[in-house]
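Working notes, beginning with the structure itself.
The values are calculated or read from the model by the stated rules, or taken from the named source; none is laboratory data. Note that the coordinates shown come from a computational prediction; the quantities given were computed from them, not determined experimentally. Cβ placement follows ideal geometry from the backbone for every residue including glycine, while neighbour counts extend to all protein chains displayed.
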Amino acid sequence: MESLKSIEDDFLMVAQAAIETFGRKTQTQKACEELAELLVELQHELDGRGDEKKIAEEMADVYIVFTQLIFMLSEEGAEHYENMFIFKYERLKKRLKKVQRRRNMQH
Ligand SMILES: [Mg+2]
């Protein structure tokens, strides 16, 4: 089995090749299917029927198709994605700090 690092090295090229080979529509449908499969496994986790191996399998599928979705964005879409990612990431960090400060004051 390849190491995670060597997989990362050609991961982006494979994502691009998948879109070119199978087409945007097929890969968008694939993304819908994989997201739905992960959703089901996560809901099973919440209702007590969770299977960590199934969740991990679907996470791998979703990670692969998610990367393809990024490649399908236009230049403008990709820029918006990047801006939204940074905005939401910074917002989460601020929220975490706020909650952690509040908890520290209580103890
Ligand atoms: Mg799957």
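Could you say whether any residue in region 83-105 is part of a helix (DSSP H, G or I) and touching a helix residue (DSSP H, G or I) at 6+ places or on another chain (Cβ under 8 Å)? Write out each step before concluding.
Of all residues in region 83-105, those part of a helix (DSSP H, G or I) come to 83-105.
Pick out the ones that are also touching a helix residue (DSSP H, G or I) at 6+ places or on another chain (Cβ under 8 Å) and you get none.
For region 83-105, residues part of a helix (DSSP H, G or I) and touching a helix residue (DSSP H, G or I) at 6+ places or on another chain (Cβ under 8 Å): absent.
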Can you tell me which residue among I55, I7 is aliphatic (A, V, I, L, M), on the phi < 0 side of the Ramachandran plot and either surrounded by 14 or more Cβ atoms within 10 Å (Cβ to Cβ) or within 11 Å of the ligand (Cβ to nearest atom) (or both)? I55
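To keep it simple, each residue is scored yes or no on (1) in contact (Cβ under 8 Å) with a residue 40 or more places away in the chain; (2) of a type outside the set (V, I, T).
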site: V14; (1), (2): no, no
site: A18; (1), (2): yes, yes
site: A31; (1), (2): no, yes
site: L39; (1), (2): no, yes
site: K98; (1), (2): no, yes
Given the criteria aliphatic (A, V, I, L, M), surrounded by 14 or more Cβ atoms within 10 Å (Cβ to Cβ) and touching a helix residue (DSSP H, G or I) at 6+ places or on another chain (Cβ under 7 Å), does L35 qualify? yes
Verdict on Q68 being within 24 Å of L4 (Cα to Cα) and part of a helix (DSSP H, G or I): yes
Expected output for region 45-60 (first residue more than 15 Å from E33 (Cβ to Cβ) and part of a helix (DSSP H, G or I), partner of a type in the set (A, V, I, L, M, F, W, C) and at pLDDT 95 or above, Cβ below 8 Å, 6+ apart or cross-chain) is E45/I55; I55/L38; I55/L42
